[in-house]
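Colleague: Would you mind keeping the following structure in view while I ask a few things?
The values are calculated or read from the model by the stated rules, or taken from the named source; none is laboratory data. Quick caveat, the model's predicted, so the values are computed rather than measured. Every residue, glycine as well, gets a Cβ built from its backbone with ideal geometry; the counts of neighbours run over all protein chains shown.
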Amino acid sequence: MNSRFAILMLLTVFAGMAGVRAEVTIRIDESSERVARLGGTRFIQTEKLTVESDRTLEGDAYVFSNRAAIRGAIEGDLSLFATDLDLGGTVSGDLNAFARYIDIDGVVDDDVRVAVESLKVEGTVTGDLLVLAASLYLRPPATVRGGVIVYAADISLEGDVKGPVRASGGAVRLAGNFGSDVWVECDELTLDPGVHIAGNLVYKAHNAIDPPAGAIGGDVQRIEFSAQEVAEEKDSESPFSLSTAARTMLHVYLAFVALIGGVLLVLFFRPFVEGALGHAGGATPLVASFGIGLVCLLVALVLSLVCLVVLPLSLGLLSALGALIYFGSLLGKMIVGQILLRPLMRREIHPALALVAGVGVFFVIDFIPVAGELLWLFFTIAGMGAALHQLRCSAPVAQASSAVAE
């Protein structure tokens, strides 16, 4: 599930990179919204996005918003970063969302993949429902025609689910109609009297259940927790530790964020990006960029400590350093993609294509315990150095241009 999630996200962005057009302005809910277009894909950034019931947005949309209310139709995939999403309309493609609260009472004609604090579904999902959440509530008349894979602390599944279900969480409640097998791993499992499972029920829970008569069409199998698992649970891990599935979803989230940030960086600052990549185009320039970035990092940290007595100045330096590290990490991923693709394509690589390749590489090596962190650190510092070098080289050009104009 997780690798499929990552691959589909990467391909979604890559598919929109056929061409770049200028910024345009559209009107949504009587408010002017600035939209960047990359091929047939829209990038929308706004405080509140409202798509009224009589409006249709054609093509894939990437939305950065505090609140979003979709009552109309989106003819394509919707990928969204928001605090709240209220989806009462129609999404003809996939829904990929990272939010705090999501309420789906409309229709999604393909898969739903979300990382969210609380998800409530009362509408229709034609594809699969893939969820990483604190709580998931699937309530009537909700219908999922594909399968459900969910990792959450609190899971309540009602409504109709046609495909197989795999649920992992703290408390799991089954109260709907399930057309295939159901696999559950949890602390406590509850079956409501109205539940019906057409296939087998396999569960791993601390409590034994007594299914209502006729509720299970197939076999019921309980898997006991091993003594080692019980001991580990009692010893308990750190509250900050994550399961393998949660770590994978976190890596997917970070890769997705890097793709969006990198695409916007290329879209609005392409000359700067190409110049920075040019400064790290070989082994020697790459090492030189790493040295520049390392010196900058150390100097910024020392200055921040020195200026700690003047709190606003110290916070300003740390904020600037944080921004430089973030953009350095994006450029570092582009550098890696450029290094890998240039021998294969034997021509200059488009920064967006280098970004996709670099993000894919780092998605894999991030799972390597020590080497992954060291490689990320090296190329992030090298990206910082390349950015600083480009800023230094472009400054005299800007001054000369202004002198000629005078």
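Okay, residues lined up against (1) of a type in the set (V, I, T); (2) modelled with pLDDT of 90 or more; (3) in a strand (DSSP E or B):
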{"position": "D86", "(1), (2), (3)": "no, yes, yes"}
{"position": "G93", "(1), (2), (3)": "no, yes, no"}
{"position": "A99", "(1), (2), (3)": "no, no, yes"}
{"position": "D103", "(1), (2), (3)": "no, yes, yes"}
{"position": "D110", "(1), (2), (3)": "no, yes, no"}
{"position": "E117", "(1), (2), (3)": "no, no, yes"}
{"position": "K120", "(1), (2), (3)": "no, yes, yes"}
{"position": "G127", "(1), (2), (3)": "no, yes, no"}
{"position": "L130", "(1), (2), (3)": "no, yes, yes"}
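Colleague: Give just the number: which of (1) at pLDDT 75 or above; (2) over 25 Å from the mean Cα position of the chain (by Cα); (3) over 17 Å from P285 (Cβ atoms) does A400 not satisfy?
Modeller: With respect to (1) at pLDDT 75 or above; (2) over 25 Å from the mean Cα position of the chain (by Cα); (3) over 17 Å from P285 (Cβ atoms), A400 is out only on (1).
Colleague: List, please: which pairs have Cβ atoms under 6 Å, are six or more places apart or on different chains, and start with a residue in the range 79-105 that is within 15 Å of F64 (Cα to Cα) and end with one that is outside any strand (DSSP E or B) and at pLDDT below 90?
Modeller: A99/A82; R100/T83
Colleague: While we're looking at this one, here's another question. I'm checking my understanding of the structure. Among residues of the range 67-84 that are of a type in the set (D, E, K, R) and part of a strand (DSSP E or B), which one is nearest to V252 (Cα to Cα)?
Modeller: Among those that are of a type in the set (D, E, K, R) and part of a strand (DSSP E or B), it is D84.
Colleague: Something else: Which ones in the range 190-203 are of a type outside the set (S, T, N, Q) and either over 14 Å from V165 (Cα atoms) or not in a strand (DSSP E or B) (or both)?
Modeller: L191, D192, P193, G194, V195, A198, G199
Colleague: If I go through the range 39-66 residue by residue, how many of them are assigned to a strand (DSSP E or B) and closer than 18 Å to V257 by Cα?
Modeller: Count: 12.
Colleague: OK, next. Can you pull out every residue in the range 182-210 that is under 23 Å from P141 (Cα atoms), in contact with a strand residue (DSSP E or B) (Cβ under 9 Å, 6 or more places away or on another chain) and surrounded by fewer than 19 Cβ atoms within 10 Å (Cβ to Cβ)?
Modeller: Listed by number, the residues that qualify are W183, T190, D192, G194, H196, A198, G199.
Colleague: So, one more: Does V172 fit the bill of being assigned to a strand (DSSP E or B) and crowded, with 20+ Cβ neighbours inside 10 Å?
Modeller: So V172 fits the description; yes.
Colleague: Can you tell me which residue is modelled with the lowest pLDDT among those in the range 136-167 that are part of a strand (DSSP E or B) and surrounded by fewer than 19 Cβ atoms within 10 Å (Cβ to Cβ)?
Modeller: Checked the range 136-167; the qualifying residue modelled with the lowest pLDDT is A153.
Colleague: Of V306, V273, V263, V257, which residue is at pLDDT 80 or above, β-branched (V, I, T) and assigned to a helix (DSSP H, G or I)?
Modeller: Of the residues listed, the single one that is at pLDDT 80 or above, β-branched (V, I, T) and assigned to a helix (DSSP H, G or I) is V273.
Colleague: Would the range 48-56 turn up any residue that is under 15 Å from the mean Cα position of the chain (by Cα) and crowded, with 20+ Cβ neighbours inside 10 Å?
Modeller: no
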